[in-house]
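No value in this document is a laboratory result; all are computed from the given coordinates. Nothing here was measured: the structure is a model prediction, and the numbers come from that model. For neighbour counting, all protein chains shown are included, and Cβ atoms are generated from backbone atoms with ideal geometry for every residue, glycine included.
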Protein chains: 2
Amino acid sequence: MIMKTSARTFKALSDETRLRILGLLLDGELCVCDIMAVLQLPQSTVSRHLAYLKNAGWVDDRRCGVWMYYSIIENGSTLQRCLLKVLRENLPQSAVVVADRERLQGFSTDNSCA
Amino acid sequence: MIMKTSARTFKALSDETRLRILGLLLDGELCVCDIMAVLQLPQSTVSRHLAYLKNAGWVDDRRCGVWMYYSIIENGSTLQRCLLKVLRENLPQSAVVVADRERLQGFSTDNSCA
DNA sequence: TGAATATAACCGCATGAGCGGATATGGTAT
DNA sequence: ATACCATATCCGCTCATGCGGTTATATTCA
């Protein structure tokens with residue numbers, strides 16, 4: 001466990017928007033446009049946070065045509081695996097994440113995006 | 001689980017100095033002067049970080065004469081209890097914390113402080 | 001009361017980080 | 001090649017946070 005990396009790992013979680021994003025991604029891969037729609041945030045804001053999460057090693061991305069899909073990295077560092085477990089147990093308890101997830105269900109979640 | 005509070009809980013952990021402090025406190029209550037000596041940091045720096053940890057609900061303090069002792073709060077929020085478990089499992093793996101703890105053993109750790 | 005000790009809080013400074021609009025970049029269709 | 005769509009990145013701005021020296025506060029002792 002490297003301290004600077006650990007601090008950075010925690011720092012990635014110390015923002016509400018990013019926690020909300022992770023709350024959505026816990027159920028599986030999502031496209032930027034879906035995250036934007038659910039969180040009702042401008043594209044640049046979402047994109048910036050996703051970049052932060054990716055740089056911190058929390059998420060991975062893949063491009064499919066013009067769409068970018070993001071997913072949580074399941075086999076990160078030991079610390080991250082521990083924390084991921086904590087997130088899975090605690091994030092769904094949050095009213096904000098509950099509302100976000102319900103809004104996500106309201107969208108047509110097929111794989112070709114909007 | 002309240003999002004703003006959670007982000008703040010994580011934020012308290014997103015600094016190397018504060019992780020080091022918690023690494024020391026995992027073994028039990030310590031006085032500010034001990035933490036200062038071990039981390040070899042100025043008093044104002046240590047005091048500031050301890051205040052941050054206290055405000056974030058991670059540590060508690062008690063005064064004993066001119067000395068202030070800090071300890072980790074064991075029965076905090078659900079999230080904090082989960083994270084505390086993660087810290088106990090992961091912090092001692094850090095070389096920095098190992099060195100800090102060894103330096104701490106090198107001091108006379110009676111209860112009347114230096 | 002004054003002096004000494006421990007430590008909290010203030011202060012100025014530098015850096016980091018969040019925001020959203022604007023612009024750049026990548027992919028696709030015509 | 002051009003146009004369109006999705007999204008990454010830049011930009012200016014504001015706020016947060018880290019640093020350590022300095023000052024304020026709390027405690028103890030003579």
- Taking the stretch A:1-19 and keeping only residues that are within 13 Å of DNA strand D (Cβ to nearest atom), under 15 Å from A:ARG48 (Cα atoms) and small (Gly, Ala, Ser), one is left with A:SER14
- Only residues that are exposed (fewer than 15 other Cβ atoms within 10 Å of the Cβ) and within 10 Å of DNA strand C (Cβ to nearest atom): list them for the stretch B:34-61, please. B:PRO42, B:GLN43, B:SER44, B:THR45, B:ARG48, B:ALA51, B:ASN55, B:ASP61
- Message: So for the stretch A:64-83 (the condition being within 12 Å of DNA strand C (Cβ to nearest atom), under 30 Å from B:ALA99 (Cα atoms) and touching a helix residue (DSSP H, G or I) at 6+ places or on another chain (Cβ under 6 Å)), does at least one residue qualify?
- Response: no
- Query: Out of (1) more than 22 Å from A:LYS4 (Cβ to Cβ); (2) in a helix (DSSP H, G or I); (3) within 14 Å of chain A (Cβ to nearest Cβ), what's the single condition that is false for B:ASN90?
  - Reply: (1)
- Item | Residue that is closer than 21 Å to A:ASN90 by Cα and either in contact (Cβ under 8 Å) with a residue 12 or more places away in the chain or within 14 Å of another protein chain (Cβ to nearest Cβ) (or both), where the choices are B:GLY28, B:GLY57, B:GLY23 | B:GLY57
